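Below is one structure; the comments refer to it alone.
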Amino acid sequence: MEIKKYTFQRHGDDRGMLVALEEMKDIPFDIKRVYYMYDTIEGVRRGFHAHKCLEQILIPIHGTCKIHLDDGFTTEEVVLDKPYEGLYISNNMWREMYDFSPDAVLMVLASEFYDEKDYIRDYDEFLKFVGAKV
Ligand code: T46
């Protein structure tokens with residue numbers, strides 16, 4: 001599985017750092033939605049689903065967390081710990097987010113508006129959807 005991490009341009013000066021993100025330039029899709037999670041309870045694992053169409057970029061704008069990715073054939077664990085790096089997650093990818101530091105703020109840029117019909121929440125159904133199981 002190819003892990004796609006984007007390193008964003010940092011504008012630093014003697015006041016601190018600034019990162020700017022523009023759709024179709026720094027982000028490889030039109031950004032229709034932004035959401036973020038914070039105050040994640042210690043030990044919690046979130047996600048447990050894939051998307052049929054949605055593409056996303058996950059950016060740990062504060063703190064750290066880990067992402068488990070599963071394309072139905074292989075799995076990877078990705079550490080997110082830099083506010084200037086984003087992890088691209090394509091459609092057809094099972095994801096779980098875990099090991100959030102107490103101060104973690106995970107921001108997500110999404111290519112589509114929220115649509116519950118785009119979610120695959122059953123792992124067996126996901127394996128069938130990607131052709132990993134008949
Ligand atoms: C994903 C991972 C990385 C909304 O009303 N609008 C939204 O845009 C989102 C994302 C969620 N919600 C509601 C739906 C649920 O009642 O917020 C609640 C929590 O959402 P969910 O349980 O889907 O959260 P996660 O952390 O399991 O998954 C989220 C995204 O839903 C998902 O697309 O890829 O983060």
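All of the numbers you see were taken from the coordinates with simple rules; none came from a lab. Just so we're clear, the structure is a prediction, and the values are computed from it rather than from any experiment. Note that each Cβ is placed from the backbone with ideal geometry, even for glycine, and that neighbours are counted across all protein chains shown.
Based on alpha carbons, the Rg and Dmax found for the chain are 15.3, 58 Å.
Over 28 Å between Cα atoms: which of K25/K133; K5/K32; K82/K128 fall into that group? Cα-Cα > 28 Å for K25/K133; K82/K128; rest within.
In this rough spin-label picture, where each label sits 7 Å from Cα along the Cβ direction, the R46-T75 distance is 2.0 nm.
Sort the following peptides by mean Cβ neighbour count (other Cβ atoms within 10 Å, averaged over residues), highest first: 34-43, 56-65, 103-112.
Numbers: 34-43: 12.0, 56-65: 20.4, 103-112: 18.5.
Top of the packing list down: 56-65, 103-112, 34-43.
The mean sequence separation of alpha-carbon pairs under 8 Å and at least six residues apart, normalised by the residue count of the chain, gives a relative contact order of 33 percent.
At 25 °C and 0.890 mPa s, what whole-number value in µm²/s does Stokes-Einstein give for the translational diffusion of the stretch 1-57, with Rh from the Kirkwood sum over Cα pairs? Write out the running numbers ahead of the final one.
Details: Rh = 14.8 Å.
The calculation lands on 166 µm²/s.
In this label model, E85 and Y123 are separated by 2.7 nm, measuring between points 7 Å along each Cα→Cβ vector.
Farthest towards the positive end of the charge dipole of the stretch 6-134, among the residues G12, V78, G47, is the Cα of G47, using unit charges on the Cβ of Lys, Arg, Asp and Glu. Each other residue within a Cβ distance under 15 Å of H49 adds +1 if Lys or Arg and -1 if Asp or Glu, for a net charge of -4. For the pair D115 and R10, the difference between a 0.36 nm per residue extended length and the Cα-Cα distance amounts to 34.5 nm.
Here's the picture: charge each Lys and Arg Cβ at +1 and each Asp and Glu Cβ at -1 in the stretch 29-113, and of V108, M97, P60 the one pushed furthest to the positive end of that dipole is V108. Computed about its Cα centre, the charge dipole of the chain is approximately 120 debye, with only Lys, Arg, Asp and Glu carrying charge at their Cβ.
By the rule of a C-alpha distance below 18 Å, with chain neighbours fewer than 8 residues away ignored, the aspartates and glutamates paired with K117 are E55, E125.
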